[in-house]
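The values are calculated or read from the model by the stated rules, or taken from the named source; none is laboratory data. Values in this document were obtained by computation on a predicted structure and should not be read as measured data. Reconstructed Cβ throughout: ideal geometry from the backbone, glycine too, with neighbour counts over all protein chains shown. In case anyone asks, the SASA skips ligands and DNA or RNA and just uses the protein heavy atoms, side chains included. Shrake-Rupley method; radii C 1.70, N 1.55, O 1.52, S 1.80 Å.
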Amino acid sequence: MMKLILSLTLIWTLSSTAEALECWHSEGTDIGRTELLPCYSTELCATVALQENDNGTFTQDTIRSCLPSSIFSEGKHTFSSSVGLASMAASVHLCNTDRCNSQVIPHPGVLKKNNLQCFTCDDPYSAVCNKTVQCVGVQDRCFSWTVADKDGKTIRTFGCVSANICETAPRLMPRHDSSLKFISEPKCCGSSLCNSG
Ligand SMILES: *[C@@H]1O[C@H](CO)[C@@H](O)[C@H](O)[C@H]1NC(C)=O
Ligand SMILES: *[C@@H]1O[C@H](CO)[C@@H](O)[C@H](O)[C@H]1NC(C)=O
């Protein structure tokens with residue numbers, strides 16, 4: 001989900017040029033490949049310590065880039081989700097001076113179960129999402145979002161998310177993107193199994 005957010009963000013930012021920050025850019029664990037690039041004037045420098053578990057395969061990456069200040073505020077944030085067989089957590093630091101995103105930041109690490117459970121489905125093309133997933137760490141909302149892809153097949157994204165994903169997701173999802181048709185808006189709710197239907 002964080003990768004999705006980051007790639008949507010890249011599309012979103014192809015918009016303005018003016019006076020801007022210069023930030024470090026890199027992806028993965030190879031710090032040696034870091035390069036200094038200008039951002040758009042509407043962006044901050046960002047460091048993202050991302051960990052993902054995709055059906056049992058665990059990966060950790062550090063991403064340095066620019067992110068839009070209209071969506072991500074300066075300071076430290078933790079984003080997290082458990083949707084279907086994939087979960088992710090990311091520590092995100094945003095800063096507002098040239099080359100400020102060189103710091104090494106820790107990954108979120110092992111996340112403890114919290115007291116929320118949500119509906120999910122292992123396969124996003126399932127007709128119903130009636131499996132339950134245990135939320136962990138900062139995942140304090142149940143999420144539901146249904147879209148149709150370009151072939152008209154229904155895709156369901158149900159699971160646990162952190163509240164800050166509820167705030168950023170609707171702003172990042174291109175409402176008039178031609179490849180996805182919204183069947184329901186992205187919705188969040190705060191009690192166990194509240195994301196039914
Ligand atoms: C998830 O992993 C299990 C066990 O390794 C495997 O049987 C299953 O096919 C995987 N599911 C997906 C959607 O990749
Ligand atoms: C989920 O829904 C399917 C289809 O309606 C049903 O066959 C299955 O028993 C349900 N599973 C649970 C855990 O409720």
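For His107, His93, write out the residues from largest to smallest accessible area, computed with a 1.4 angstrom probe and no ligands counted.
On the way: His107 50, His93 30 Å².
Highest to lowest solvent-accessible surface, that is His107, His93.
Remark: region 84-197 carries a charge dipole of roughly 120 debye about the Cα centre, counting +1 on each Lys and Arg Cβ and -1 on each Asp and Glu Cβ. Of the residues Cys45, Pro106, Ser65, the one whose Cα sits farthest towards the positive end of the charge dipole of the chain is Pro106 (charges of +1 on Lys and Arg Cβ, -1 on Asp and Glu Cβ, taken about the Cα centre). Summarising the label geometry, the points placed 7 Å from Cα in the beta-carbon direction at Phe58 and Val110 lie 0.9 nm from one another.
Amide H to amide H distances under 5 Å link Ala86 with Asn55, where only residues 5 or more positions off or on other chains count and H is placed in the peptide plane.
P(r) tail, the chain: Cα-Cα pairs separated by more than 31 Å, 20% of all pairs. For the chain, the 222 nm mean residue ellipticity estimated from helices alone, with every DSSP H stretch of n ≥ 4 adding -39500 (n - 2.57) and the total spread over all residues, rounds to -3000 deg cm²/dmol. Put simply, the C-alpha atoms of region 112-197 give a gyration tensor, and the ellipsoid matching it has half-axes of 23, 15, 9 Å, longest first. Taking amide H as placed 1.01 Å from N in the peptide plane, the amide H of Ser192 sits under 5 Å from that of Gln117, each at least 5 places away or on another chain.
For the pairs Lys113/Lys181; Lys112/Lys181; Lys113/Lys150; Lys76/Lys112; Lys76/Lys153; Lys112/Lys150, flag any whose C-alpha to C-alpha distance is greater than 27 Å.
Working: Lys113/Lys181 34 Å; Lys112/Lys181 35 Å; Lys113/Lys150 36 Å; Lys76/Lys112 20 Å; Lys76/Lys153 37 Å; Lys112/Lys150 38 Å.
Those over the limit are Lys113/Lys181; Lys112/Lys181; Lys113/Lys150; Lys76/Lys153; Lys112/Lys150.
Between Ser184 and Ser41, the simple spin-label model (points 7 angstrom out along Cα→Cβ) gives 4.2 nm.
Computed over neighbours whose Cβ is under 13 Å from that of Gly137, the net charge equals +2, Lys and Arg +1, Asp and Glu -1.
For Ser179, the accessible area of its heavy atoms, probed at 1.4 Å with every protein chain present, is near 50 square angstrom. Here the chain is treated with +1 on each Lys and Arg Cβ and -1 on each Asp and Glu Cβ, and its dipole about the Cα centre works out to around 620 debye.
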